[in-house]
1. With the structure loaded, tell me whether residue 82 is over 24 Å from residue 28 (Cβ atoms) and loosely packed, with under 14 Cβ neighbours inside 10 Å or whether it fails that test.
2. Could you figure out which of (1) in contact (Cβ under 8 Å) with a residue 12 or more places away in the chain; (2) more than 25 Å from residue 27 (Cβ to Cβ); (3) loosely packed, with under 12 Cβ neighbours inside 10 Å isn't true of residue 75?
3. How many of the residues making up the range 73-92 are in a loop (DSSP other than H, G, I, E, B), closer than 24 Å to residue 21 by Cβ and of a type in the set (A, V, I, L, M, F, W, C)?
4. Give the residues of the range 38-72 that are of a type in the set (A, V, I, L, M, F, W, C), assigned to a loop (DSSP other than H, G, I, E, B) and either surrounded by 13 or more Cβ atoms within 10 Å (Cβ to Cβ) or in contact with a strand residue (DSSP E or B) (Cβ under 7 Å, 6 or more places away or on another chain) (or both), sorted by residue number.
5. Just one of the numbered conditions (1) touching a helix residue (DSSP H, G or I) at 6+ places or on another chain (Cβ under 7 Å); (2) at pLDDT below 95 is not true of residue 30; which one?
6. Can you tell me which residue is nearest to the chain's Cα centre (by Cα) among those in the range 21-37 that are among the hydrophobic types (A, V, I, L, M, F, W, C), farther than 23 Å from residue 138 by Cβ and crowded, with 18+ Cβ neighbours inside 10 Å?
7. Could you please find all residues in the range 113-129 being at pLDDT below 95 and at positive phi?
8. Considering every residue within the range 93-113, establish whether at least one is part of a strand (DSSP E or B), over 16 Å from residue 20 (Cβ atoms), among the aliphatic types (A, V, I, L, M) and in contact (Cβ under 8 Å) with a residue 40 or more places away in the chain.
Amino acid sequence: MSFEKFGIVNHTKESKAADFVTYLEQGKVMATRCKKCETMYFPPQVDCPKCLSNAMEWSQVKGRGKLLTYGVVNYGPLGFEDKAPYTLAVAEFEKGIKVFATLSKDIKEDEIAVGMVLEVVPARLPDDRFSYELQRAG
């Protein structure tokens, strides 16, 4: 599996974290955890910036998170022009993992509230590409 199937615009063909895309295809959003210092990372890191270890393991981001902040994008950058307007958000999940992602279009702007309960889910994009988004927790 290559990393070129991730996201809308991607200039990276290969990545040490390419398994991230494989997990998205399997319906899982994954973070990494350093086996040495136990720090969790999202987006995934394959080398720990805290202790410099490369002893990392995959850990699924699951459960409910709370919306910390959000913003509406009215003019999208390259590759996102046709998506605007859309909402970018940050939600915090267990173990302090913060996820920055688009908010599902199913959530209307007047329904968005800091503290609302969300979950992070894989998203299938056109042309057999993958990403992830935050949606209302089910």
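1. Details: over 24 Å from residue 28 (Cβ atoms): yes; loosely packed, with under 14 Cβ neighbours inside 10 Å: yes.
Judged against the criteria, residue 82 is a match.
2. With respect to (1) in contact (Cβ under 8 Å) with a residue 12 or more places away in the chain; (2) more than 25 Å from residue 27 (Cβ to Cβ); (3) loosely packed, with under 12 Cβ neighbours inside 10 Å, residue 75 is out only on (1).
3. 2
4. Going through the range 38-72, the residues of a type in the set (A, V, I, L, M, F, W, C) turn out to be 40, 42, 46, 48, 51-52, 55-56, 58, 61, 67-68, 72.
Checking the rest, the ones that are also assigned to a loop (DSSP other than H, G, I, E, B) come to 42, 46, 48, 51-52, 55, 61.
The answer is 42, 46, 48, 51, 55, 61.
5. It is condition (2) that residue 30 fails.
6. Of the range 21-37, the ones among the hydrophobic types (A, V, I, L, M, F, W, C) are 21, 24, 29-31, 34, 37.
Next, from what is left, pick out any that are farther than 23 Å from residue 138 by Cβ: 21, 34, 37.
Add one more test, that the residue is crowded, with 18+ Cβ neighbours inside 10 Å, and what stays is 21, 34.
Values: 21: 11, 34: 18 Å.
Only one residue tops the list, namely 21.
7. Residues satisfying the conditions are 127, 128.
8. As a first pass, look at the range 93-113 and keep what is part of a strand (DSSP E or B): 98-103.
Restricting the remaining residues to those that are over 16 Å from residue 20 (Cβ atoms) gives 98, 102-103.
Subset that is among the aliphatic types (A, V, I, L, M): 103.
So of that shortlist, the ones also in contact (Cβ under 8 Å) with a residue 40 or more places away in the chain come out as none.
Looking through the range 93-113, none of the residues is part of a strand (DSSP E or B), over 16 Å from residue 20 (Cβ atoms), among the aliphatic types (A, V, I, L, M) and in contact (Cβ under 8 Å) with a residue 40 or more places away in the chain.
The values are calculated or read from the model by the stated rules, or taken from the named source; none is laboratory data. Every value quoted in this text rests on a predicted model; they were computed, and no experiment measured them. Note that we place each Cβ from the backbone using ideal geometry, even for glycine, and neighbour counts take in every protein chain shown.
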